[in-house]
Amino acid sequence: MNLCTNSAYAMEDTGGLLTITLSETTLRPDDPAMTSGDYIQLMVSDTGTGIAEEDIKNIFNPYFTTKPTGEGTGLGLSVVHGIVKSFGGDITVESKIGICTTFNVYLPIFKKRIKSENKPELSKSLPRGTERILVVDDEPALVKMIKLHLEKHGYTVESFTSSTEVVELIKKRPNDFDLVITDMTMPEMTGDKMAIEIMKICPSMPVIMCTGYSKKISEELAVEIGIKCFATKPIDLNSLLLDVRKLVDEQKSIVEE
């Protein structure tokens, strides 16, 4: 992010092209701090103003900046340098004034994964259920992923990419579902408005709202609407399973009372 922010700043006045590539490479470095071997090469390149040759040797020093006072702390590239070095990697820079700047980050590739001998199998300890669940999100891949994970743990799932279709379905089959999982941002009807319409039909229907960053919804507002659970994206499927089990159990206890 720091590298991309610097590139954006360098192209702020005239525009340009930011290029990010990721590839594998084998190095035989002269730097004694690095070892020969296989590396991931992350390249961040821009067609901005460039860096003067006399400044290149100082750009990774803390508090060094070529930006006007108040526009830069001089810590961005120092942080990048520290992160890369902490992983046994290296970073280089090439620049031509008024033409381009390219940063190359090299991070060593580890061939073997470290396996924990005592780590329990989480999937076996997760709660299962047989309840009927509605999943709605305008991203088909995400809908499919959630549906498959829930079905794997025993649930019956119907999935949709249209919020208006879900409202119509609830009107026709108000007693056929035990819980709704919905996205917030959808083109026809946003998740909060859909939840309100569903709860007009089924006041006790538990709703889990899933969303990324949004100015239109917060956990507090979701609770005010009557949404039982607020989950942030990217969705942790196992956490979602726990939320589903908790809500359907709570609903069952209310009905029994």
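The values are calculated or read from the model by the stated rules, or taken from the named source; none is laboratory data. All of these numbers come straight from a predicted model, not from anything done at the bench. Backbone-built Cβ (ideal geometry, glycine too); neighbour counts: all protein chains shown. Only protein heavy atoms, including side chains, enter the accessible area calculation; ligands, DNA and RNA are left aside. Shrake-Rupley method; radii C 1.70, N 1.55, O 1.52, S 1.80 Å.
General observations
- Only one entry of Thr92, Thr73 meets the criterion of being under 30 Å from Ala52 (Cβ atoms) and modelled with pLDDT under 80, and that entry is Thr73.
- Contact annotation: residue pairs with Cβ atoms under 7 Å, 6 or more positions apart or on different chains, pairing a residue in region 172-185 that is under 18 Å from Lys147 (Cβ atoms) with a partner that is of a type in the set (D, E, K, R) and part of a strand (DSSP E or B), are Asp176/Arg132; Phe177/Arg132; Asp178/Arg132.
- Flag if Glu53 is within 28 Å of Thr21 (Cβ to Cβ), at pLDDT 90 or above and open to solvent by 80 Å² or more (accessible area, probe 1.4 Å): no
- Cβ-Cβ under 7 Å pairs, at least 6 apart or on other chains, region 4-22 side at positive phi, far side open to solvent by 40 Å² or more (accessible area, probe 1.4 Å) and not in a helix (DSSP H, G or I): Gly16/Thr47
- Hey, Glu139 modelled with pLDDT of 90 or more and open to solvent by 30 Å² or more (accessible area, probe 1.4 Å) or not: no
- Just one of the numbered conditions (1) under 17 Å from Ile133 (Cβ atoms); (2) open to solvent by 10 Å² or more (accessible area, probe 1.4 Å); (3) part of a helix (DSSP H, G or I) is not true of Lys171: (1).
- The lone criterion from (1) open to solvent by 40 Å² or more (accessible area, probe 1.4 Å); (2) touching a residue at least 40 places away in the same chain (Cβ under 8 Å) left unmet by Leu240 is number (1).
- Among the residues making up region 1-22, those that are open to solvent by 40 Å² or more (accessible area, probe 1.4 Å) and in contact with a strand residue (DSSP E or B) (Cβ under 9 Å, 6 or more places away or on another chain) are Asn6, Ala8, Gly16, Leu17, Leu18, Thr19, Ile20, Thr21, Leu22.
- For Thr25, the requirement of being outside any helix (DSSP H, G or I), modelled with pLDDT of 85 or more and open to solvent by less than 50 Å² (accessible area, probe 1.4 Å) is met.
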